[in-house]
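Have a look at the structure below before the remarks.
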Amino acid sequence: QGVRPEEITAVTFTNQAAAEMRQRLCKQLGGKRAAARLTIGTFHAICLGLLGNVKLVSRGEALELAADALQAVQQKISPAKLLQAVSRVKNGASAEQAGISPELYEAYQNRLNQLGALDFDDLLGNMLRLLKQNREAREYYADRFRYVLVDEYQDTNRVQYELVKLFSSKWGNLFVVGDDDQSIYAWRGADVRNILDF
């Protein structure tokens, strides 16, 4: 159709699904070269690639930071539960909705900031802030994301919705696939209204 592969971005929710998508395209297009020029990945992988050289904490490091924050604020939940709540906050919920105090969230975030590092959920939030605050970056990525395709759209949360909206804002070439009956990730921040209102 005369579209340059560099202008096509396909987003999905798991690394496995992204790998399968790339495999299918390689087969269909007759080799890896054409498929390699497309941007294919999860929201997190794509944002990591766009943000470039960032320090990302591992799950183990994040659990240690969470344990330190819990000790500092003297609260008794598991570090894993705290990370789950922090993830919900970073994806659009309030601290109260996520079941933690704002002080506990701040204690965790301060430890992350002291390391000069990001956790997994910061990838999306930082990319969204960059696009909202930096007009040049927004223009650059709007041209790069000329055709945006999103799989499992019913599982998008507020931050992912905002990213998709900004990525496709200039050209309006947005194609989503999803099924509102399969929306099962509300506990993780997914908002079924994203697909119902599409």
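The values are calculated or read from the model by the stated rules, or taken from the named source; none is laboratory data. Please read these numbers as outputs of a predicted model, since none were measured by experiment. Here the Cβ is made from the backbone with ideal geometry for all residues, glycine too, and neighbour counts use every protein chain on show. Remember, those area values only see protein heavy atoms, side chains included, never the ligands or the DNA or RNA. Shrake-Rupley method; radii C 1.70, N 1.55, O 1.52, S 1.80 Å.
Observations
- Members of the stretch 81-102 found to be loosely packed, with under 13 Cβ neighbours inside 10 Å and part of a helix (DSSP H, G or I), listed by number: GLU96, GLN97, PRO102
- Matching residues in the stretch 181-198 - criterion: being crowded, with 20+ Cβ neighbours inside 10 Å and of a type in the set (Gly, Ala, Ser): SER183, GLY189, ALA190
- Every residue from the stretch 1-51 that is among the small types (Gly, Ala, Ser) and either open to solvent by 60 Å² or more (accessible area, probe 1.4 Å) or in a helix (DSSP H, G or I) (or both): GLY2, ALA17, ALA18, ALA19, GLY30, ALA34, ALA35, ALA36, ALA45, GLY49
- Residues (part of a loop (DSSP other than H, G, I, E, B) and in contact (Cβ under 8 Å) with a residue 60 or more places away in the chain) located in the stretch 120-155: PHE120, PHE145, ARG146, ASP151, GLU152
- Number of the condition not met by LEU112 [criteria: (1) crowded, with 19+ Cβ neighbours inside 10 Å; (2) within 28 Å of VAL192 (Cβ to Cβ)]: (2)
- Filtered residue count, the stretch 55-76, keeping only those that are open to solvent by less than 70 Å² (accessible area, probe 1.4 Å) and either free of Cβ contacts under 8 Å to residues at least 24 places away in the same chain or of a type in the set (D, E, K, R) (or both): 4
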